[in-house]
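Visitor: Take a look at the following structure, please.
What follows is calculated from the coordinates using simple rules that are stated; it is not laboratory data. Keep in mind that what you see is a predicted model, and the values were worked out from it rather than measured. Glycine also receives a Cβ, built like all others from the backbone with ideal geometry; neighbour counts cover every protein chain displayed.
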Amino acid sequence: MTAKTTPADVEVTPRDIRFDATPPASGHWLDGDPVATAVFNALSLTFPDGERMFMDAVRHYRDKVSGKLAEDVRGFIAQEAIHSREHHSLNQLIDRDRYPAAEIEAQVRERVAFSRSRGPMAMLISTIALEHFTAMMAETHIRHRDELFLKTDPAIERLWRWHALEETEHKAVAYDVFMAATKDWSPFLRYRRRCMAMIFITLMFTRNITRYAARLLEADGYAPEAALKAVKRFVWGDPGIFRRGWKTYFAWYRPGFHPWDQKETGPTLAAWRAEFDAAALKAA
């Protein structure tokens, strides 16, 4: 059976946009909600170092790809570089005298260093699993954007929408590189490695984001147990940013899976693409 690939009409377009964000004095920039803000700050704090690892993981195998995939790899690296830059800027807006942002960043760097120490293929497999997570959350953002970011600074709201759009566009690039780099592997070995990686990444990613967010909430006066409970309710209950994408998540474990088995289309994504294409053109 021929391996699936990204559809020819999918373009990975870097948009070099800078977002001039101004958080509220309270620090609770996401609709004034301390729990929602803590969760999204925790996610943002992982992005600069994590996305640099994604770039390096894919870059290592550039000699294994050609044609459209080589173009997609260039687009992927450029998109992730800009994401890393913009989230670094966003993270500097966190009140570091109040919140343990530096502590969390140090933990993220330690975990990324461990992933890097395991070698290029382990980095790539971690990348494809984490990219599936970010694509799943981007899909949730696209489908349920009417429930969050309603009373958020427009620049911050636009940054997260732009990020969701580009994560959707490049959701299969690292996966396609993995398939090219492992073309001599047996289908069973490839399937086993990616499923084992996803189980590990699921446990670590959800646990780490929950713990990081809880630490941020403690700085808002929450007791440790109450902070953990509030974060778990947000990510798994209401609005359930980890729970809502369960169909997309479990698709990973299907033999023959490809990220573009589910193609996110419709007026919302098209409108976002037009908006940010225009913004990038204006910024050029």
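Visitor: Would you be so kind as to identify which of Ala174, Pro34, His141 lies farthest towards the positive end of the dipole of the range 34-278, taking Lys and Arg as +1 and Asp and Glu as -1 on Cβ and the Cα centre as origin?
Guide: Ala174
Visitor: Test of understanding: what is the full-extension gain from Phe250 to Ala8, defined as 0.36 nm times their sequence separation minus their Cα-Cα distance?
Guide: Gain on stretching Phe250 to Ala8: 84.6 nm.
Visitor: At 222 nm, what helix-only mean residue ellipticity would the chain give, in deg cm²/dmol to the nearest 500, using -39500 (n - 2.57) for each DSSP H run of four or more?
Guide: That comes out to -21500 deg cm²/dmol.
Visitor: Let me ask something else. Explain nothing, just the number: relative contact order of the chain, from Cα pairs under 8 Å at least 6 residues apart, as a whole percent.
Guide: Computed over the chain, the figure is 30 percent.
Visitor: While we're looking at this one, here's another question. In debye, nearest 20, what is the charge dipole magnitude of the chain about its Cα centre with +1 on Lys and Arg Cβ and -1 on Asp and Glu Cβ, if you could check?
Guide: 1080 debye
Visitor: Along the positive direction of the dipole of the range 49-93 (beta-carbon charges: Lys, Arg +1; Asp, Glu -1; about the Cα centre), which of Ala70, Ser89, Gly50 reaches farthest?
Guide: Of the candidates, Ala70 comes out farthest on the positive side.
Visitor: Report, in order of residue number, the helices in the chain meeting two criteria: a C-alpha extent of 30 Å or more along the helix axis, and a mean Kyte-Doolittle hydropathy of at least 1.0; treat each whole DSSP H run as one helix.
Guide: Taking the DSSP H segments of the chain (at least 30 Å long, mean hydropathy at least 1.0), we get none.
Visitor: What is the diffusion coefficient of the chain in µm²/s, taking the Kirkwood radius over Cα pairs and the Stokes-Einstein relation at 10 °C with a viscosity of 1.306 mPa s?
Guide: Approximately 82 µm²/s, per Stokes-Einstein.
Visitor: Sticking with the crude label model, points 7 Å out along Cα→Cβ, report the distance from Phe200 to Lys183 in nm, one decimal please.
Guide: 2.6 nm
Visitor: Taking each pair of distinct Cα atoms in the range 202-261 once, what is the resulting Kirkwood hydrodynamic radius in Å?
Guide: Taking the inverse mean of 1/r over all distinct Cα pairs, the range 202-261 comes out at 12.9 Å.
Visitor: If the cut-off is a Cα-Cα distance under 17 Å, which aspartates and glutamates reach Lys183, setting aside same-chain residues fewer than 8 apart in sequence?
Guide: Output for Lys183: Asp63.
Visitor: For the range 34-278, with the dipole built from +1 on Lys and Arg beta-carbon atoms and -1 on Asp and Glu ones, taken about the Cα centre, which of Thr202, Tyr253, Gly221 lies farthest toward the positive end?
Guide: Of the options given, the answer is Tyr253.
Visitor: Using a 7 Å offset from the Cα along the Cα-to-Cβ direction at both Trp236 and Tyr191, what is the distance between the two label points in nm, to one decimal?
Guide: 3.0 nm
Visitor: Still on this structure, please answer the following. Sorting Met136, Met121 on the 10 Å Cβ count, fewest up front, what's the list?
Guide: So the residues, fewest neighbours to most, are Met121, Met136.
Visitor: Shifting gears a bit: Percent of alpha carbon pairs in the range 1-142 separated by more than 19 Å?
Guide: 59 percent
Visitor: Can you tell me how the range 133-284 classifies by the Cα gyration tensor, rounded, prolate or oblate, using a/c under 1.5 as the rounded cut?
Guide: oblate
Visitor: Between the DSSP loop rule and a limit of at most 13 other Cβ atoms within 10 Å, which trypsin sites (Lys or Arg not before Pro) in the range 145-214 are left?
Guide: Lys151, Lys183
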